[in-house]
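The values are calculated or read from the model by the stated rules, or taken from the named source; none is laboratory data. Computed from a prediction, not measured in an experiment: that's the story for all the values here. Note: ideal-geometry Cβ built from the backbone for every residue, glycine included; neighbour counts use all protein chains shown. Note: areas computed on protein heavy atoms with side chains; ligands, DNA, RNA excluded. Shrake-Rupley method; radii C 1.70, N 1.55, O 1.52, S 1.80 Å.
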Amino acid sequence: MKNTPPFDQEAAITLTAPKDDSYFDWYTAGYKDFHNRFPDLEPYVSVNTKDDMELSRKEDLLRIVEINKQPIGLISAMRDTFLGQDSIYFLEIFIENAYTGKGLAKCIQRKFVAEVAKQEIIWGTIDYKNKPSLKTALSTGRIPVRYEHFIEI
């Protein structure tokens, strides 16, 4: 992902580290709107806890996404290990409804990795019912490495 050239829309995007937790109410309100529009996805696409988001912010891995100084989303991650390797785990990629479907998520991920990520392994989990996020992850060069299947016994 680090070697991928910037996407065309990426130049308009600014990533800014929040100074405090004032982003959280805006973020949860955005998820409430999302869940109102897609109630069937609520069990599978959930809002993160304030504790997790604040840990991300304190690790300097939370960024507000802006276009023309207007907040349109956020991206956050956490330091982690994946198969014994230092890594970054994508915790959240959130975009307000008015900006979804415009190819911005892939720009945000690539820019975040280029500007913030020092680790060689970046990973995350996406529920298979969240088709737009799966499509975006694949378009940024992320590859599926693990699938989980649950069977009721």
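Data table
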| item | result |
| --- | --- |
| Residues located in the range 99-118, provided they are of a type outside the set (A, V, I, L, M, F, W, C) and in contact (Cβ under 8 Å) with a residue 40 or more places away in the chain | 102, 103, 106, 109, 110, 111, 115 |
| So residue 21, is it in a loop (DSSP other than H, G, I, E, B), over 24 Å from residue 122 (Cα atoms) and in contact (Cβ under 8 Å) with a residue 12 or more places away in the chain | yes |
| Helices (runs of 4 or more DSSP H) (entirely within the range 26-145) containing at least 2 residues that are modelled with pLDDT under 85 | 131-139 |
| Failed criterion for residue 79 (all others in (1) within 19 Å of residue 108 (Cα to Cα); (2) open to solvent by 80 Å² or more (accessible area, probe 1.4 Å); (3) touching a Lys or Arg at 6+ places or on another chain (Cβ under 8 Å) hold) | (3) |
| Criterion: in contact (Cβ under 8 Å) with a residue 60 or more places away in the chain and open to solvent by less than 80 Å² (accessible area, probe 1.4 Å) - qualifying residue of 54, 96, 59 | 96 |
| Residues of the range 1-21 satisfying the condition of being closer than 16 Å to residue 71 by Cα and either β-branched (Val, Ile, Thr) or surrounded by 10 or more Cβ atoms within 10 Å (Cβ to Cβ) (or both) | 9, 10, 11, 12, 13, 14, 15, 16, 17, 18, 21 |
| Close pairs from the range 35-47: first touching a residue at least 60 places away in the same chain (Cβ under 8 Å), partner among the aromatic types (Phe, Trp, Tyr), Cβ under 8 Å, at least 6 apart | 41/34; 45/34; 45/38 |
| Failed item, numbered, when residue 33 is tested on (1) in contact with a Phe, Trp or Tyr (Cβ under 9 Å, 6 or more places away or on another chain); (2) open to solvent by less than 70 Å² (accessible area, probe 1.4 Å) | (1) |
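The rows are residues; the columns are (1) under 26 Å from residue 118 (Cα atoms); (2) out of contact with any Ser or Thr (no Cβ under 9 Å at 6 or more places or on another chain); (3) not polar (S, T, N, Q).
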| position | (1), (2), (3) |
| --- | --- |
| 8 | yes, yes, yes |
| 14 | yes, yes, no |
| 39 | no, yes, yes |
| 45 | no, no, yes |
| 48 | yes, no, no |
| 58 | yes, yes, yes |
| 61 | yes, no, yes |
